[in-house]
Amino acid sequence: MTTPAMPFRGSYTSREQVAVYEFKWLAVILIPLVVIFIQAFLPTKIRWLPIIDLPMMVVIFFAVARRNPISGCMTGAIIGLLQDTLGGPAHPIGMYGITDTIIGYMASSLGVKIDIENPGSRFLIIYGFFVIHQALYYGVGHGLLRQALQWSWSHVAISALANAVVGVFVFSLLDRFKQR
Amino acid sequence: MDTILGRYKNLIVLAAILFAQIIALAMQVRRPTAEGETRLIRLWATAAVTPFEKAVVHSQKWVHDTWDGYIYLRHVDQENQQLRAEIDRMKLEQARLREDATMARRIQTLLAFKEQYIDSTVAAQVIGTSGSEQSRVLYIDKGSKDGIKPDMAVITPTGIVGKIVQVFPGSSQVLPINDQLSGVGAALKASRLQGILKGAANGTTTLQYIMSDEPVKLGEEVVTSGGDRIFPKGFPVGTVASVEPGKDLFLNIRVIPSARLDRLEEVLVVTKIQEKLPDAKDLGPIRASDILSERLPGVPVTQTVDAAGNAAGTASGAANPAQSNIPGGAATAKPGTATTRNPSNSGAAGTTRPTAAASPGASRPIPAPATKPANGSTNAAPKPNPGTGTVTGATTAKPVRKLPATLPPDTDQTPPAPPPKEGETPPQ
């Protein structure tokens, strides 16, 4: 089912109308759960995998596909809180929740304005949102909770690059669940 | 009013969701969960995720075991032969270590040291992680149903892993030693300097609170000190990788963990640690004077030279030939050790047992004096008793206990006992 959105004032896309996608409810429930499972399980086999933030990618994907800020907020909050529950004692529930809520809101707001269908723009948007995500997480942990988090620009830049590359493939995989 | 709400609906929803989460965050910080308590949302999430993780891990293990155990048997015979050779070599090693253990038990009994024994363990498989760089917790497939409780130690044969922080019915959360919240009582194996091993946000581990003027060598082993009451004393922790001056007069010692924390598959959870005194049944009775002699202040050993130029170490002032006349044993021990502490009792505790402790091999018979006792420093020459391996001193004429009279094949440098000279009265 496709819901054509009205042309948004100030939109930077060349299209007359920005397509809004919907998903089956089963996909909406299962995709975040599967991603959380993969994020928790695979690092036992692949040690560098925690630098890839699959739940954040899913939040961005749903947000830009639906192009609805409220929906983006809710999706981000739920996926972020799910991710929080698997954290340890250094990780109070809500850190990823707050971060992903803001990312979901920003991604859906941006999705209304620009077309994010091609791999190049996806690469850039994931790169940018990953850096914002890390900055927000650092802000919440350091600013609200006084945690001794370390910020390294080089680490963030490399991680963002890795996330952007993986994210392009993940997005193309998730495109199969879109319904026009 | 409706227009404003409608116009800023998105922002209001965003603010409301964020506000609710910040309040929840603040509540967690203000009221952290009590020891062993688990938040309901974590319980639900773990209950939802861990069954799938368990299923994947166990299926993978089954396939792996089937392949290795029934199909891929190449080089098994060769490996079997190598293992048999290894067993033979280790049997020899075990025989040597048994002697050392006997000596150690004897000394520990004297000093009333309590040993910590791992009484029971539960093998568990690592089934998951937090999936985040900031939190390095692990999940294992054993929980409260298997007797797991918070603060139990998690180890591997190569080194310690961490401790249990949260327990669910079918799984548990492990805080590894490289997590930024972790702290382990550790000591440098050679120098016995004690500090705290702490993890960092980037996954490194550092040994802290070692003074900067202490000598620390690269590659030195780090073991548990037992001070945290979680890990038994003496377990391998890691090796020193770098030593740098830190802040506040302390060294910043980076330690590489012995256990491969990034590639863990199976771990052991220590479910019961028992503290007990070493079994002294086979070591003979302990007398009050034995224990007392260990606790009395020491008397430094001085070298006395007799007319023939033979040197003999004796306790100053107090004449006790037993100390000076046991080569490789009491005479070579440092002042202040059990050997030289109390001359009056040295025949009992200061002579017989510390000799066994200081000399290589507890079961060796203690030989006769290698040097002639200095005149005036003794009132009687020690009487060797090759049959029992005990030496009777002047002031402590009674033999304390029998030591095994067996002599290991690597017996060295101990000359045979000379017969007492004329004019010297052997003690009774």
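The values are calculated or read from the model by the stated rules, or taken from the named source; none is laboratory data. Because the structure is predicted, anything quoted here is derived from the model rather than measured. Cβ placement follows ideal geometry from the backbone for every residue including glycine, while neighbour counts extend to all protein chains displayed. Side chains are part of the model used for accessible areas, which takes the heavy atoms of the whole protein and leaves out ligands, DNA and RNA. Shrake-Rupley method; radii C 1.70, N 1.55, O 1.52, S 1.80 Å.
Of these, B:LEU181, B:LEU193, B:LEU218, which one is open to solvent by 20 Å² or more (accessible area, probe 1.4 Å) and in contact with a Pro (Cβ under 7 Å, 6 or more places away or on another chain)? None of the other options fit; the residue is B:LEU181.
Under the condition of being surrounded by 17 or more Cβ atoms within 10 Å (Cβ to Cβ), more than 11 Å from the chain's Cα centre (by Cα) and part of a helix (DSSP H, G or I), the residues counted in region A:104-126 number 6.
Of all residues in region A:32-61, those that are in a loop (DSSP other than H, G, I, E, B) have Cβ atoms under 6 Å from Cβ atoms of residues that are among the charged types (D, E, K, R) and open to solvent by 10 Å² or more (accessible area, probe 1.4 Å), 6 or more apart or on another chain, in A:ARG47/B:ASP262. Of the residues contained in region B:119-130, none is found to be acidic (Asp, Glu), farther than 28 Å from A:HIS155 by Cβ, part of a loop (DSSP other than H, G, I, E, B) and touching a Lys or Arg at 6+ places or on another chain (Cβ under 8 Å). Residues that are of a type in the set (Lys, Arg) and within 19 Å of B:GLU53 (Cα to Cα) within region B:125-156 comprise B:ARG136, B:LYS142, B:LYS145, listed in sequence order. For region A:62-70, the criterion of being facing another protein chain (nearest Cβ under 7 Å) and either touching a residue at least 40 places away in the same chain (Cβ under 8 Å) or not aromatic (Phe, Trp, Tyr) (or both) is met by at least one residue.
Only one of the numbered conditions (1) assigned to a helix (DSSP H, G or I); (2) within 14 Å of another protein chain (Cβ to nearest Cβ); (3) at pLDDT below 85; (4) open to solvent by less than 100 Å² (accessible area, probe 1.4 Å) is violated by B:THR38, and that is (1). Restricting region B:196-207 to residues that are more than 17 Å from B:GLY159 (Cα to Cα) and surrounded by fewer than 17 Cβ atoms within 10 Å (Cβ to Cβ) leaves a set whose member that is modelled with the lowest pLDDT is B:ASN202. Within region A:32-46, restricting attention to residues that are in contact with a Leu (Cβ under 7 Å, 6 or more places away or on another chain) and open to solvent by less than 30 Å² (accessible area, probe 1.4 Å), the residue that is farthest from A:LEU81 (Cα to Cα) is A:PRO43.
Condition test on A:THR85, is it under 30 Å from B:ARG7 (Cα atoms), open to solvent by less than 30 Å² (accessible area, probe 1.4 Å) and among the polar types (S, T, N, Q)?
Numbers: under 30 Å from B:ARG7 (Cα atoms): no; open to solvent by less than 30 Å² (accessible area, probe 1.4 Å): yes; among the polar types (S, T, N, Q): yes.
So A:THR85 does not fit the description; no.
Considering region A:91-103, the residues that are open to solvent by less than 10 Å² (accessible area, probe 1.4 Å) and either assigned to a loop (DSSP other than H, G, I, E, B) or more than 14 Å from chain B (Cβ to nearest Cβ) (or both) include one that is nearest to A:SER152 (Cα to Cα), namely A:HIS91.
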